[in-house]
Amino acid sequence: GARAVLMDYLLPRDVVATVVRDGITGLAAVPPMWVQLAQLDWPTAAVDSLRYFTNSGGAMPRATLAALRRALPKTTPFLMYGLTEAFRSTYLPPEELDRRPDSIGKAIPSAEVLVVREDGAPCAPGEPGELVHRGSLVALGYWNDPARTAERFRPAPGQHPGLPLLELAVWSGDTVRADEDGFLYFIGRKDDLIKTSGYRVSPTEIEEVLYGSGQLAEAAALGVPHPALGQAVVAVVKPLRDALNESELIAHCKRHLPNFMVPLQIVVRSADLPRNPNGKIDRKILAEDLRTLFPESAS
């Protein structure tokens, strides 16, 4: 059999040390941790020990994935998507990695993953919609929280409303799209989408470009209230090295993004960006900190 090694602290160098000490063969983490792990020198003992790693909790930047594959050439990556309410939903078969490095794959066995519009109708290929997970892994609801349960656990799309017992699905609140072959791509949380100049912008796409600059250890894109734009795109970043060339970073964004997606302002932090209990960068805390960045729009 196998054993699970749990860590109650997540400093990147300690993760690598644990891989060496305990002979870890499989490692699971979320994108902010992988970004930091990709910057380390992995000792031979860790490279030889680790057979696979998994990513969930958000899209892994391409630059991070490429760096990990260079550092861990013997290790198989599995890009995944999961929900607390349904454990795992999708995974990308490793043989598809080079063709679809941005994809979170297809539904795992025993699960059905749908992409639907606001009215529950299925989305066309390429059309963004909400990810809905149905199947045996879906939880029954939230403990002692009927209001939140009713919001997230609703009848699965496509069922006849007259059925005596409707199957419940979990409505994720995440926006994704599917390609012509049914492979899924994560866009972002519905409530994280930036509404600027009449557009709805995925922060994940902006962060992908920011990380691709090679200058950043951490990055988060978010919308900040702005009197003319509705929301302005702002990037909060932690530099990889001491000095950050902001003009070069903006120029990099302009080369790879349409004008309305280029950050209006770069906010540089020397400390790690705040995390939520799931280990993800906490956009809500950052958004609250920057709410009055453009004073005319402050309430």
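Values quoted throughout were computed directly from the atomic coordinates according to the rules given, and no laboratory measurement underlies them. For clarity, every value in this text was computed on a predicted model and none was experimentally measured. Note: ideal-geometry Cβ built from the backbone for every residue, glycine included; neighbour counts use all protein chains shown.
Once C-alpha pairs closer than 8 Å and six or more residues apart are averaged by separation and normalised to the residue number of the chain, the relative contact order reads 12 percent. If the chain linking Asp145 and Arg88 were pulled fully straight, counting 0.36 nm for each residue of separation and taking away their Cα-Cα distance, it would gain 18.3 nm. Charge dipole (Cα centre; +1 on Lys/Arg Cβ, -1 on Asp/Glu Cβ; no other charges) of the stretch 18-143 amounts to roughly 400 debye. Shape call for the stretch 173-231 from the C-alpha gyration tensor, a ≥ b ≥ c root eigenvalues: rounded (a/c under 1.5), prolate (a/b greater than b/c) or oblate? Cα axes put the stretch 173-231 in the oblate bin. Evaluate E = 1/(1 + (r/R0)^6) for Glu167 and Asp242, where r is the Cβ-Cβ distance and R0 equals 41 Å; express this FRET efficiency to the nearest 0.05. It comes out at approximately 0.15.
Suppose we flag chymotrypsin sites (Phe, Trp or Tyr not before Pro) only when DSSP calls them loop and at most 15 other Cβ atoms lie within 10 Å. Which is the longest uninterrupted stretch of the chain?
Longest stretch, sites excluded: 144-299.
Expressed in units of 2.2 N^0.38 Å, where N is the residue count, the Cα radius of gyration of the stretch 102-188 is 1.11.
Based on DSSP H runs of at least 4 residues, each adding -39500 (n - 2.57), what is the mean residue ellipticity at 222 nm of the chain after dividing by all its residues, to the nearest 500 deg cm²/dmol? Walk me through the numbers before you get to the answer.
Details: 8 runs with 69 residues, N = 299.
It lands at -6500 deg cm²/dmol.
When DSSP beta bridges are restricted to pairs lying wholly in the stretch 214-269, around 70% turn out antiparallel. Projecting the Cα atoms of Ala107, Val132, Ala150 onto the dipole axis of the stretch 102-188, where Lys and Arg carry +1 and Asp and Glu carry -1 at the beta carbon, places Ala150 farthest toward the positive end. Shape class for the chain, computed from the alpha carbon gyration tensor (a ≥ b ≥ c): oblate, with a/c not under 1.5 and a/b at or below b/c. Of the beta bridges in the stretch 1-101, as assigned by DSSP with both residues counted there, near 35 percent are antiparallel.
Within the stretch 32-60, name every residue whose backbone N is under 16 Å away from a label modeled 7 Å from Cα of Asp272 along the Cβ vector. Answer for the stretch 32-60: 32-40.
Between the residues Ser197, Ala59, Val19, the greatest Cα displacement towards the positive end of the dipole of the chain, with unit charges on the Cβ of Lys, Arg, Asp and Glu, is found for Val19. Taking GluC sites (Glu not before Pro) across the stretch 88-131, the ones in a DSSP loop with at most 13 further Cβ atoms lying within 10 angstrom of their Cβ are Glu118. The percentage of C-alpha pairs in the stretch 158-299 whose separation is greater than 23 Å is 43%. Just how large is the dipole of the chain about the Cα centre, in debye to the nearest 20, putting +1 at every Lys and Arg Cβ and -1 at every Asp and Glu Cβ? About 320 debye. The residues Cys123, Cys253, when put in order of fewest to most other Cβ atoms within 10 Å, stand as Cys123, Cys253.
Here the stretch 1-74 yields Rg over Rh of 0.92, to two decimals, using C-alpha coordinates and the Kirkwood radius. With 0.36 nm allotted per residue and the present C-alpha distance subtracted, the Lys254-Glu180 stretch has 23.7 nm of extension available.
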